[in-house]
Amino acid sequence: MREAAAFIADRSESAGGGFLRNALQFVTGSVRRWRNRRTVKQLADFDDHMLADLGVSRDDVRSALSQPFIHDPSVDLDQRARANRWLSYRL
């Protein structure tokens, strides 16, 4: 009986730790996405030549910023830049 109680206590502690871990990951992920969104917003101030040097266009930046907050715009912008570079190599 004591073994069963100890097992249940161990499981409930790890479940609580899992909740806290998930909550912390959500908060840190939200902060990271917010910072990345702020950085991508700064790219909107770049001129078209500077954006082209980075491999993106003004429309790419606008499109990345139009995503919902739960999406990281820097990931979308990175994917677009990689696709644009790949297309430029093929031509």
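Since every read-out is calculated from the coordinates, none of them should be taken as a lab result. Just so you know, these numbers come straight off a predicted model, no measurement behind them. Neighbour counts run over all protein chains shown; Cβ positions are idealised from the backbone, glycine included.
Report, by chain and number, residues whose modeled amide H sits under 5 Å from the one on Asp72, excluding near sequence neighbours (fewer than 5 apart, same chain).
none
Pull out the extension gain between Asp48 and Arg82, defined as 0.36 nm times the separation in residues minus the alpha carbon to alpha carbon distance; nm, one decimal. Could the numbers behind the result be given before it?
Working: separation 34, 0.36 × 34 = 12.24 nm, distance 1.75 nm.
Between Asp48 and Arg82, full extension yields an extra 10.5 nm.
Apply the Karplus parameterisation 6.51 cos²θ - 1.76 cosθ + 1.60, with θ equal to phi minus 60°, to every residue of region 69-76 and state each ³J(HN,Hα) to the nearest whole Hz, in sequence, with x for glycine and proline.
4, 5, 9, 8, x, 5, 5, 4
Evaluate the distance, in nm, between pseudo-label points positioned 7 Å from the Cα of Thr39 and of Gln25 along their respective Cα→Cβ axes.
For Thr39 paired with Gln25, the spin-label model returns 2.2 nm.
For region 53-91, run through the chymotrypsin sites (Phe, Trp or Tyr not before Pro) and keep only the ones in DSSP coil with at most 12 other Cβ atoms within 10 Å of their Cβ. Walk me through the numbers before you get to the answer.
Numbers: sites: Phe69, Trp86, Tyr89; in loops: Phe69.
Filter output for region 53-91: Phe69.
How much net charge surrounds Arg80 when only the other residues with a Cβ under 14 Å from the Cβ of Arg80 are counted, with Lys and Arg +1 and Asp and Glu -1? Could the numbers behind the result be given before it?
Numbers: positive: Arg58, Arg62, Arg82, Arg85; negative: Asp59, Asp60, Asp72, Asp76, Asp78.
That sum, taken over residues with Cβ under 14 Å, equals -1.
Under a Cβ-Cβ cut-off of 14 Å, what is the net charge of the residues other than Asp47 that fall near it, where Lys and Arg count +1 and Asp and Glu count -1?
Working: positive: Arg58; negative: Asp45, Asp48, Asp53.
Residues near Asp47 contribute -2 overall.
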